[in-house]
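The values are calculated or read from the model by the stated rules, or taken from the named source; none is laboratory data. None of these values were measured; they are calculated from a predicted model. Cβ sites come from the backbone with ideal geometry, for glycine too, and all protein chains shown count toward neighbours. Ligands, DNA and RNA are stripped out before the accessible areas are found, and what is left, the full protein with its side chains, is counted by its heavy atoms. Shrake-Rupley method; radii C 1.70, N 1.55, O 1.52, S 1.80 Å.
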Amino acid sequence: MSDWVEACATGDIDEEDVMRFDHGGRTFAIYRSPDDEFFATDGLCTHEKVHLADGLVMDDIIECPKHNGRFNYKTGDARGAPVCVNLKTYPVKVDAGKVLIQIG
Amino acid sequence: MARGMVIIGAGECGGRAALALRELGYDGPVTLVGDEPHLPYERPPLSKEAMVSEAPEIKAIASDAILAEKSIRHIHSVQAVAIDRAAHAVSLSDGSALPYDKLLLATGSTPRKLPMPGLGPRCVYLRTFTDALAIRAHLTAGNRIAVIGGGFIGLELAAAARKLGAAVIVIEAQPRILMRGVPAEIAQIIHDAHVAEGVDILCGDGIASIADDGNEVRITLVGGQEISADLAVIGIGAVPVTGLAAEAGLAIDNGVAVDAELRSSDPDILAAGDCCSFPLAVYGGRRVRLEAWRNAQEQGALAARNMLGAGEAHAAVPWFWSDQYGLSLQIAGLSDEGRSTVRRDLGDGAFILFHLAEDGRLVAASGIGPGNAVARDIRLAEMLIGKRAKPAPEALGSQAVKLKSLLAA
């Protein structure tokens, strides 16, 4: 389970923003919070399989670009209609300017 | 004992309202009455995914299990026939009556009928899942589909029909498609996409007559052109369903007239979604009626809060989207409030038109592009519109300036 994968460099994502990362046939979303921490979730919204990386990050919320479903990207919690299924999250660490996620 | 909450209309708006009442902790009876045989479901896919799917399925807002778990009583296949305001009760077409403390009308809208003789079984409208299944059966390779009306439902259906290999012609009486609410520059891109996919679009010519013999529809245009089709789908707008409210003596003004808190002229009866007109604070109280999925959802939730006494005013900015082929369009705000536009290019052909009022206030933003290219900036524009911001036009037009930075200003 200690399958750490390099997703991007820290400078690839602005603060309070998100980026798409595809690996091994799967798609993820990597976030940089306003207080400069990194997080990772599944890349697709649980409502209609839309890439969340096209959505807007505000504080600790990612909003789906299609129907404004909202999730807390730090915990994966769904925050109201139309989304009701939580988003899977992944451990993240930063090492020498690289963002690594444990996709297990 | 509480008589409870009754919701008439089990679509997006009514379904969301019922769920919201429970999320808010209300523990009295909640009854959701719908005239369709289905669970509450999402309508947007009906003109999109459901049309191209091998076996279209309902996208339910709540399953039977969820409704049961939340003690929401869903009465389906039944119509509300009268409201007794004095007795606080609604009578239903099955002969029963439902008492209420608060009543929510979420009756939606119904397709505007083409006021013309000669329509028959091959002239159809799209509103329900049942309608969608009937239309879907005709969308086969080589079949000729005439779409009457170049609005969103007609165009989305045209795109789906082409995907399935049908021959499609769109007939629009106005000089261009999407006259209502979509800037010409964006409508032209959608027009060109349809033409590139092989759709014939005829604009600026009205229909003189229609003849439907049950096997074929023959349409004669005012200009003399004759069109034969295996199916004519009519998409010329929608009208609010207000019969029940009007019979009960509630004020009607292009829909059930409600105040900012969604209360009708009877304070114990609220209305929300497509069926109501309401004052939009962000445009100085301009009365509007919106036929949009997100509005139905937001107003359903707001109605639930206000049924429980929150006294909260509707404050959202209108938002709307459409998907056709690989293109997605999103519009925030009402573009007819604008007097000038600023264009912002986002790359890959995607762009946004910002609509500014005379005093420089941002009042709407219309975007189009591949996939969800415009989504994020339209969302930020929506927030700027809600804040009544007056961003500098040169900042809006420059890709180098992040819209998010304007929000903080």
Report task. For residues that are part of a helix (DSSP H, G or I) and closer than 20 Å to residue B:19 by Cα, scanning just the stretch B:42-93, find the one that is least open to solvent (accessible area, probe 1.4 Å). Result -> B:67
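I'd like the full set of residues that are among the charged types (D, E, K, R) and surrounded by 15 or more Cβ atoms within 10 Å (Cβ to Cβ), limited to the stretch B:113-132. Walk me through how you get there before you give the answer.
Keep residues of the stretch B:113-132 that are among the charged types (D, E, K, R), which gives B:113, B:122, B:127, B:131.
Correct list: B:122, B:127, B:131.
Yes or no: residue B:317 within 30 Å of residue B:350 (Cα to Cα), within 14 Å of another protein chain (Cβ to nearest Cβ) and open to solvent by less than 30 Å² (accessible area, probe 1.4 Å)? Can you show your working first?
Working: within 30 Å of residue B:350 (Cα to Cα): yes; within 14 Å of another protein chain (Cβ to nearest Cβ): yes; open to solvent by less than 30 Å² (accessible area, probe 1.4 Å): yes.
Considered against the rule, which asks whether it is within 30 Å of residue B:350 (Cα to Cα), within 14 Å of another protein chain (Cβ to nearest Cβ) and open to solvent by less than 30 Å² (accessible area, probe 1.4 Å), residue B:317 comes out as yes.
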**Report entry** Cβ-Cβ under 9 Å pairs, at least 6 apart or on other chains, the stretch B:108-135 side farther than 26 Å from residue B:80 by Cα, far side open to solvent by 60 Å² or more (accessible area, probe 1.4 Å)
**Finding:** B:118/B:218; B:119/B:113; B:120/B:213; B:122/B:213; B:122/B:215
Requested in this report: Please give the number of the condition residue B:47 fails out of (1) within 21 Å of residue B:306 (Cα to Cα); (2) in contact with a helix residue (DSSP H, G or I) (Cβ under 6 Å, 6 or more places away or on another chain).
Outcome: (1)
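Just checking, which of B:16, B:22 is modelled with pLDDT of 95 or more, within 30 Å of residue B:325 (Cβ to Cβ), part of a helix (DSSP H, G or I) and open to solvent by 10 Å² or more (accessible area, probe 1.4 Å)? Before the answer, list the steps.
On the way: B:22 fails: within 30 Å of residue B:325 (Cβ to Cβ).
So the residue among B:16, B:22 that is modelled with pLDDT of 95 or more, within 30 Å of residue B:325 (Cβ to Cβ), part of a helix (DSSP H, G or I) and open to solvent by 10 Å² or more (accessible area, probe 1.4 Å) is B:16.
If I filter the stretch B:387-395 for residues that are away from chain A (no Cβ under 14 Å), open to solvent by less than 40 Å² (accessible area, probe 1.4 Å) and under 22 Å from the mean Cα position of the chain (by Cα), do I get at least one hit?
To start, the set of residues in the stretch B:387-395 that are away from chain A (no Cβ under 14 Å) comprises B:388-395.
Pick out the ones that are also open to solvent by less than 40 Å² (accessible area, probe 1.4 Å) and you get B:389, B:391, B:395.
Then keep just the ones that are under 22 Å from the mean Cα position of the chain (by Cα); that gives none.
No, because not a single residue in the stretch B:387-395 is away from chain A (no Cβ under 14 Å), open to solvent by less than 40 Å² (accessible area, probe 1.4 Å) and under 22 Å from the mean Cα position of the chain (by Cα).
Take the residues in the stretch A:78-98 that are part of a loop (DSSP other than H, G, I, E, B) and either at positive phi or within 13 Å of the chain's Cα centre (by Cα) (or both), then tell me which one is nearest to the other protein chains (Cβ to nearest Cβ). First the steps, then the outcome.
We begin by selecting, within the stretch A:78-98, every residue part of a loop (DSSP other than H, G, I, E, B); these are A:79-88, A:91, A:96-97.
Right, trim to either at positive phi or within 13 Å of the chain's Cα centre (by Cα) (or both) and you get A:80, A:86-88, A:91, A:96-97.
Details: A:80: 8, A:86: 16, A:87: 17, A:88: 21, A:91: 26, A:96: 28, A:97: 23 Å.
Going through the qualifying residues, I end up with A:80.
Which one of these is open to solvent by 20 Å² or more (accessible area, probe 1.4 Å) and more than 17 Å from residue B:103 (Cα to Cα): B:305, B:289?
B:289
Report yes if some residue within the stretch B:3-10 is within 14 Å of chain A (Cβ to nearest Cβ) and of a type in the set (Lys, Arg); otherwise report no. Write out each step before concluding.
If we filter the stretch B:3-10 for residues that are within 14 Å of chain A (Cβ to nearest Cβ), which is where we start, we get none.
The answer is no, given that none of the residues of the stretch B:3-10 is within 14 Å of chain A (Cβ to nearest Cβ) and of a type in the set (Lys, Arg).
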Report task. For the stretch B:186-205, state whether one or more residues are over 24 Å from residue B:142 (Cβ atoms) and free of Cβ contacts under 8 Å to residues at least 12 places away in the same chain. Result -> yes
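Restricting attention to the stretch A:73-91, report how many residues are open to solvent by less than 40 Å² (accessible area, probe 1.4 Å) and under 16 Å from residue A:36 (Cα atoms). Can you show your working first?
Of the residues in the stretch A:73-91, the ones open to solvent by less than 40 Å² (accessible area, probe 1.4 Å) are A:73, A:76, A:78, A:80, A:82-83, A:87, A:90.
With under 16 Å from residue A:36 (Cα atoms) added as a condition, the list becomes A:73.
Residues that pass the stated criteria total 1.
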Query - Condition check for residue B:146: among the hydrophobic types (A, V, I, L, M, F, W, C) and open to solvent by 60 Å² or more (accessible area, probe 1.4 Å) - result: no
Requested in this report: Filter the strands (runs of 3 or more DSSP E) completely within the stretch B:194-298 down to those with at least 1 residues that are more than 18 Å from residue B:118 (Cβ to Cβ).
Outcome: B:200-203, B:238-240, B:269-271, B:276-280, B:286-288
Query - Hits in the stretch B:338-352 - residues which are surrounded by 16 or more Cβ atoms within 10 Å (Cβ to Cβ) and either in the same structural domain as residue B:183 (by TED's automatic domain parsing) or of a type outside the set (A, V, I, L, M) (or both) - result: B:338, B:341, B:344, B:351
Query - Failed item, numbered, when residue B:36 is tested on (1) under 21 Å from the mean Cα position of the chain (by Cα); (2) at pLDDT 95 or above; (3) within 13 Å of chain A (Cβ to nearest Cβ) - result: (3)
Report summary line: Matching residues in the stretch B:274-294 (under 20 Å from residue B:6 (Cα atoms) and among the polar types (S, T, N, Q)) number 0
Query - Hits in the stretch B:25-36 - residues which are open to solvent by 10 Å² or more (accessible area, probe 1.4 Å) and without any contact (Cβ under 8 Å) to a residue 60 or more places away in the chain - result: B:25, B:27, B:29, B:35
Query raised in the report: Of (1) within 25 Å of the chain's Cα centre (by Cα); (2) open to solvent by less than 20 Å² (accessible area, probe 1.4 Å); (3) within 18 Å of residue A:55 (Cβ to Cβ), residue B:363 satisfies all except one. Which?
Result: (3)
Query raised in the report: Are any of the residues in the stretch A:65-77 modelled with pLDDT under 95, more than 24 Å from residue B:405 (Cα to Cα), within 13 Å of another protein chain (Cβ to nearest Cβ) and part of a strand (DSSP E or B)?
Result: no
Query raised in the report: Restricting attention to the stretch B:40-63, does a residue exist that is away from chain A (no Cβ under 13 Å), in contact (Cβ under 8 Å) with a residue 24 or more places away in the chain and farther than 29 Å from residue B:134 by Cβ?
Result: no
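Might you let me know whether the stretch B:233-253 holds any residue that is closer than 29 Å to residue B:358 by Cα and either open to solvent by less than 20 Å² (accessible area, probe 1.4 Å) or in the same structural domain as residue B:365 (by TED's automatic domain parsing) (or both)?
Of the stretch B:233-253, the ones closer than 29 Å to residue B:358 by Cα are B:253.
Filter once more, so that each one left must be either open to solvent by less than 20 Å² (accessible area, probe 1.4 Å) or in the same structural domain as residue B:365 (by TED's automatic domain parsing) (or both): none.
Looking for residues that are closer than 29 Å to residue B:358 by Cα and either open to solvent by less than 20 Å² (accessible area, probe 1.4 Å) or in the same structural domain as residue B:365 (by TED's automatic domain parsing) (or both), one finds none in the stretch B:233-253, hence no.
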Query raised in the report: Are there any strands (runs of 3 or more DSSP E) wholly within the stretch A:1-64 with 2 or more residues that are aromatic (Phe, Trp, Tyr) and surrounded by 18 or more Cβ atoms within 10 Å (Cβ to Cβ), and if so which?
Result: A:26-32, A:38-42
